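Enquirer: For reference, the structure I am asking about is given below.
Read-outs: derived from the displayed coordinates by stated rules, not from any lab. Computed from a predicted structure; not experimentally measured. Because the Cβ atoms are built from the backbone with ideal geometry, glycine has one as well, and the counts that use them run over all protein chains shown.
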Amino acid sequence: MNGVSHIIGGITAAAVLGIHSPAPLAIVVVASLLPDIDRPNSLLGRFIPLLPSILEKVPGKRTVTHSLLLGAGLWFILHAMSPSWAVAFAVGYGSHLLLDLFTGYVALLWPIPIKFGVPLFGIPPIAIEVAAIACWGAWVATGGYLLFLNMLHA
């Protein structure tokens, strides 16, 4: 999936779970992009020199950066700083991993070399991504954005 799809997934999960403050939403957005840091052409990878290229070549795509081990480690660090930041991180990072399970295979248990995926009856990954963006567009077009406005003014 591309970065925009992951941001949409993360923000949607945050809205459903009641995360609506600016700082936690920013954490959700960054966390929803973080696993793709293993790709130099990813939304986040474009702004970080060298690291994405190394991660893509050495452990490989959708390995360490898509693992529960890395997610748990970062969650513990954030939890020590702020439990609400840790929750926001878990929502963004978790939404990314969940979405990637439907569009390919992910090494959730890295360094164990087993990859997990949920193929959807031969539906190509691009169709899933287009459907997700279409659903988001319909949600916005039918006034779903008002949910955010109401929460901000509450």
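Enquirer: List the relative contact order of the chain as a percent without decimals, with contacts defined as Cα pairs under 8 Å and 6+ residues apart.
Expert: Working: 214 pairs, mean separation 40.5, N = 154.
So the answer I get is 26 percent.
Enquirer: Still on this model: Charges only on Cβ, +1 for Lys and Arg, -1 for Asp and Glu: so what's the dipole of the chain about the Cα centre, in debye to the nearest 20?
Expert: 180 debye
Enquirer: While we're here: Report the residue, chosen from Leu69, Leu51, Leu43, that carries the largest GNM mean-square fluctuation when the chain is represented by alpha-carbon nodes joined by springs under 10 Å.
Expert: Sorting by GNM fluctuation, first place goes to Leu51.
Enquirer: Please arrange His6, His79 by how many other C-beta atoms lie within 10 Å of their C-beta, fewest to most.
Expert: Working: His6 27, His79 15.
Least crowded to most crowded, the residues run His79, His6.
Enquirer: Return the sequence-ordered ³J(HN,Hα) values of segment 66-79 in whole Hz as given by the Karplus equation 6.51 cos²θ - 1.76 cosθ + 1.60 applied to θ = phi - 60°, using x for Gly and Pro.
Expert: 10, 9, 5, 5, 5, x, 5, x, 5, 4, 4, 4, 5, 4
Enquirer: Could you pull out every residue, at least 5 positions away or on a different chain, whose amide H is within less than 5 Å of the one on Phe116? Hs are placed 1.01 Å off N in the peptide plane, and Pro or chain starts have none.
Expert: Answer set, sorted by chain and number: Val106, Ala107, Leu108.
Enquirer: Which order, highest average first, do 15-21, 94-100 follow once you tally other Cβ atoms within 10 Å for each residue and take the mean per peptide? Mind showing how you got there, number by number?
Expert: Values: 15-21: 14.3, 94-100: 21.0.
The densest-packed peptide leads the list: 94-100, 15-21.
Enquirer: Taking neighbour counts of Cβ atoms within 10 Å as a proxy for exposure, in what order, fewest first, do Tyr105, Tyr93 appear?
Expert: Working: Tyr105 15, Tyr93 27.
So the residues, fewest neighbours to most, are Tyr105, Tyr93.
Enquirer: Taking every pair of alpha-carbon atoms in the chain, what share in percent sits in each 5 Å bin, from 0 to the bin with the longest distance?
Expert: 2, 10, 17, 20, 22, 15, 9, 4, 1, 0
Enquirer: Sticking with this one: How would Met81, Met1 line up from fewest to most surrounding beta-carbon atoms within 10 angstrom?
Expert: Working: Met81 9, Met1 20.
Ordered from fewest to most neighbouring Cβ atoms within 10 Å, Met81, Met1 come out as Met81, Met1.
Enquirer: Return the equivalent ellipsoid semi-axes of segment 1-61 as a descending list in whole Å, where each equals the square root of 5 times an eigenvalue of the C-alpha gyration tensor.
Expert: Details: eigenvalues 128, 22, 14 Å².
Here the semi-axes work out to 25, 11, 8 Å.
Enquirer: Next question, about the same structure. Dipole of the chain (Lys/Arg Cβ +1, Asp/Glu Cβ -1, origin at the Cα centre): which of Phe89, Ala127, Tyr105 lies farthest to the positive side?
Expert: With unit charges placed on the Cβ atoms, the residue in question is Tyr105.
Enquirer: To the nearest 500 deg cm²/dmol, what mean residue ellipticity at 222 nm is calculated for the chain from DSSP H runs of n ≥ 4 alone, each contributing -39,500 (n - 2.57), summed and divided by the residues? Display every interim value, and only then the final one.
Expert: On the way: 7 runs with 92 residues, N = 154.
One gets -19000 deg cm²/dmol as the mean residue ellipticity at 222 nm.
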